[in-house]
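*Asks:* Handing you a structure now.
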Amino acid sequence: MENNAIVFFLLRLAVAASMFGHGLVRFPKLNGFSAWMVKSFEKSMLPEVMVVPFSYALPIAEFVIGLLLILGLFTRVSLIGGGLVMVLLIFGTAMIENWEALPSQLIHAAFFGILLAFIQYNTIAVDHLIKK
């Protein structure tokens, strides 16, 4: 097995575990998470009518993207989706001036981009089995 395929697999799993874990831990407390997010954005420019749906959709998106990346299923679409989620999170973080959270979000965004750039090494994946 090629080292690049192993590295891609490990990086994909690392990002997947983060996304999956973020979504999974928020499901049991979804209403509380939403209330926390709404409170966090109450002094921002973003209206509550935008924050509330996002606060419920985010854990679902994180969970699904994480699960698909763990499996290596629809990897390209999942990486693009994960990158877009990070862009939205970065924008929201800027709107509430939570500068401490930005480095983690930027690192996640970078990993989504790097993985997408090297997707040809996604050989330890359900996607690869389906292609055969």
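Every number in this text was worked out from the coordinates using simple rules, so none of it is lab data. As the structure is a prediction and not an experimental result, all values here were calculated from the model. So basically every Cβ, Gly included, is an ideal-geometry build from the backbone, and we count neighbours across all protein chains shown.
*Asks:* What is the dipole size for the range 3-131, taken about its Cα centre, with +1 at each Lys and Arg Cβ and -1 at each Asp and Glu Cβ, in debye to the nearest 20?
*Replies:* Numbers: 7 positive and 6 negative charges, 52 e Å.
Here the size comes out at about 240 debye.
*Asks:* When only DSSP loop residues count, what trypsin sites (Lys or Arg not before Pro) in the range 16-67 have their Cβ near at most 12 other Cβ atoms within 10 Å?
*Replies:* For trypsin sites (Lys or Arg not before Pro) across the range 16-67 that sit outside H, G, I, E and B with at most 12 neighbouring Cβ atoms in 10 Å, the list reads K43.
*Asks:* Could you please report the charge total around F112, scoring K, R as +1 and D, E as -1 over all other residues with beta-carbon less than 14 angstrom from its beta-carbon?
*Replies:* Taking every Cβ under 14 Å from that of F112, the sum is +1.
*Asks:* In the chain, which helices (entire DSSP H runs) extend 20 Å or more along their own long axis, judged by Cα positions, while averaging at least -1.0 on the Kyte-Doolittle scale?
*Replies:* 3-26, 48-71, 75-95, 102-117
*Asks:* Now, a different point. Please report the spacing between the Cα centers of the range 87-132 and the range 1-77 in Å, no decimals.
*Replies:* 10
*Asks:* Using Cα-Cα distances under 8 Å and only pairs 6 or more residues apart, what relative contact order does the range 3-131 have, in percent? Show your work: numbers first, answer last.
*Replies:* Working: 140 pairs, mean separation 45.1, N = 129.
Averaging sequence separation for qualifying contacts and normalising by length gives 35 percent for the range 3-131.
*Asks:* Which whole number of Å³ per residue matches the convex hull of the alpha-carbon atoms in the range 44-118? Working shown, then result.
*Replies:* On the way: hull volume 6.1 nm³, N = 75.
Per-residue hull volume (Cα only) is 81 Å³.
*Asks:* Separate question: Counting helices only, and only those DSSP H runs with n ≥ 4, report the 222 nm mean residue ellipticity of the chain as the sum of -39,500 (n - 2.57) divided by its residues, in deg cm²/dmol to the nearest 500. Before the final figure, lay out each step's value.
*Replies:* Values: 6 runs with 102 residues, N = 132.
So the helix-based figure for the chain works out to -26000 deg cm²/dmol.
*Asks:* Determine, from the Cβ-Cβ distance of K43 and L67 and an R0 of 41 Å, the FRET efficiency 1/(1 + (r/R0)^6), rounded to the nearest 0.05.
*Replies:* Details: r = 34 Å, r/R0 = 0.84.
Given R0 = 41 Å and the Cβ-Cβ separation, E is 0.75.
*Asks:* Taking the Cβ-Cβ separation of I96 and N31 as r and a Förster radius of 25 Å, what is the calculated FRET efficiency to the nearest 0.05?
*Replies:* Working: r = 20 Å, r/R0 = 0.81.
The value I calculate is 0.80.
*Asks:* Normalise the Debye intensity by I(0) for the range 3-131, one equal point scatterer per Cα, no solvent, then take log10 at q = 0.22 Å⁻¹ and round to two decimals.
*Replies:* Here log10 of I(q) over I(0) equals -1.25.
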